[in-house]
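Q: Let me begin by handing over the structure; questions about it come next.
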Amino acid sequence: MADPRTMAAERGSSAIEVNKVLRNTYALLAMTLLFSAVTATVAMATNMPHLGLLGLVAVFGLSFAIAKTANSVWGLVWTFALTGFLGLWIGPVVNFYLQTAHGTAVVAQALSITGIAFLGLSAFSVISKADFSFLRGFMIIGFFVVLGGIIFSLFWPTTIMMQVIASIVVLLGGAYILYETSAVARGEQTNYVLATVGIFMGIYNIFSGLLMLLGMGGDD
């Protein structure tokens, strides 16, 4: 029979490790969000053109580099490179909406809803410690559905198609946050670099999806 004191010590050690990963994840997340905001501001100030689908190549490449180096200092370097690049990518999009009649309100609403969604989903995952691993299948399928929808819309663009794509992107963002945060809270994800990237992508997807939905819902 296992010693109760040993079991209690193991649980305590596990809880300390989980809290450490959570702290590191949120600390790195805050820094990457700030860095992404800076690069987005630079892109907006310089009227940088949108990078388009070619930017996906860079995103995939940087994501691959992070996955391969997540346990070294290079994982941090590539993480900042990815989040900074995504800031450059979305800066021109924000600029576009700000130039419309109700653009300021659209951007402000998208930011506010994204912040509330992130706080709510993260808090629920950490407090409940619910298992959201079942979302993995939805995340994989949703990614390819969005990718296919974007390619399709290049040839047959319709408002309904873009609304559907934006809605799926928002849902995917929420799934990323729930999946990654719960994995850390349950002790299943011990690499804070990978956890940070996953949560960052969730926040990024929610914000970009909401920009599209709210923007298409305006008078413009």
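Q: Since residue 212 meets every condition but one in (1) free of Cβ contacts under 8 Å to residues at least 60 places away in the same chain; (2) loosely packed, with under 15 Cβ neighbours inside 10 Å, which condition does it not meet?
A: In the conditions (1) free of Cβ contacts under 8 Å to residues at least 60 places away in the same chain; (2) loosely packed, with under 15 Cβ neighbours inside 10 Å, residue 212 misses (2) alone.
Q: Tell me, please, whether a residue that is crowded, with 19+ Cβ neighbours inside 10 Å and either among the aliphatic types (A, V, I, L, M) or not in a loop (DSSP other than H, G, I, E, B) (or both) can be found in the stretch 151-161.
A: So far as the stretch 151-161 goes, no, none of its residues is crowded, with 19+ Cβ neighbours inside 10 Å and either among the aliphatic types (A, V, I, L, M) or not in a loop (DSSP other than H, G, I, E, B) (or both).
Q: Is at least one residue of the stretch 71-87 surrounded by 15 or more Cβ atoms within 10 Å (Cβ to Cβ), touching a Pro at 6+ places or on another chain (Cβ under 7 Å) and either modelled with pLDDT of 90 or more or part of a helix (DSSP H, G or I) (or both)?
A: Scanning the stretch 71-87, I find no residue that is surrounded by 15 or more Cβ atoms within 10 Å (Cβ to Cβ), touching a Pro at 6+ places or on another chain (Cβ under 7 Å) and either modelled with pLDDT of 90 or more or part of a helix (DSSP H, G or I) (or both), so the answer is no.
Q: Considering only the stretch 116-126, I want to know if a residue exists there that is without any contact (Cβ under 8 Å) to a residue 60 or more places away in the chain, in a helix (DSSP H, G or I) and surrounded by 20 or more Cβ atoms within 10 Å (Cβ to Cβ).
A: no
Q: While we're here: Exactly one of these conditions fails for residue 112: (1) surrounded by 13 or more Cβ atoms within 10 Å (Cβ to Cβ); (2) over 15 Å from the mean Cα position of the chain (by Cα); (3) closer than 30 Å to residue 189 by Cβ. Give me its number.
A: (1)
Q: How many residues are of a type in the set (Val, Ile, Thr) and out of contact with any Leu (no Cβ under 9 Å at 6 or more places or on another chain) when one looks only at the stretch 181-220?
A: Number satisfying all stated conditions: 1.
Yes or no, residue by residue, for (1) of a type in the set (Asp, Glu); (2) more than 27 Å from residue 35 (Cα to Cα); (3) in contact (Cβ under 8 Å) with a residue 24 or more places away in the chain; (4) surrounded by 19 or more Cβ atoms within 10 Å (Cβ to Cβ):
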residue: 134; (1), (2), (3), (4): no, yes, no, no
residue: 140; (1), (2), (3), (4): no, yes, no, no
residue: 167; (1), (2), (3), (4): no, no, yes, no
residue: 183; (1), (2), (3), (4): no, no, yes, yes
residue: 190; (1), (2), (3), (4): no, no, yes, no
residue: 195; (1), (2), (3), (4): no, no, yes, yes
residue: 198; (1), (2), (3), (4): no, no, no, yes
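Q: Can you name every residue in the stretch 207-218 that is over 16 Å from residue 32 (Cα atoms) and out of contact with any His (no Cβ under 7 Å at 6 or more places or on another chain)?
A: 208, 209, 210, 211, 212, 213, 214, 215, 216, 217 - these are the residues of the stretch 207-218 that are over 16 Å from residue 32 (Cα atoms) and out of contact with any His (no Cβ under 7 Å at 6 or more places or on another chain).
Q: Would you mention how many residues in the stretch 164-180 are among the β-branched types (Val, Ile, Thr) and out of contact with any Leu (no Cβ under 7 Å at 6 or more places or on another chain)?
A: 4
Q: Of the conditions (1) hydroxyl-bearing (Ser, Thr, Tyr); (2) modelled with pLDDT of 95 or more; (3) not in a helix (DSSP H, G or I), residue 133 fails just one. Which one is it?
A: Checking residue 133 against (1) hydroxyl-bearing (Ser, Thr, Tyr); (2) modelled with pLDDT of 95 or more; (3) not in a helix (DSSP H, G or I), the one that fails is (2).
Q: Still on this structure: Which of the residues belonging to the stretch 56-70 are without any contact (Cβ under 8 Å) to a residue 60 or more places away in the chain and surrounded by fewer than 15 Cβ atoms within 10 Å (Cβ to Cβ)? Break it down stepwise before answering.
A: Initially, the stretch 56-70 is screened for residues without any contact (Cβ under 8 Å) to a residue 60 or more places away in the chain, giving 56-62, 64-65, 68-69.
Across the stretch 56-70, the qualifying residues are 56, 57, 60, 61, 64, 68.
The values are calculated or read from the model by the stated rules, or taken from the named source; none is laboratory data. Quick caveat, the model's predicted, so the values are computed rather than measured. All Cβ positions, even for glycine, are placed from backbone atoms using ideal geometry, and neighbour counts span all protein chains on display.
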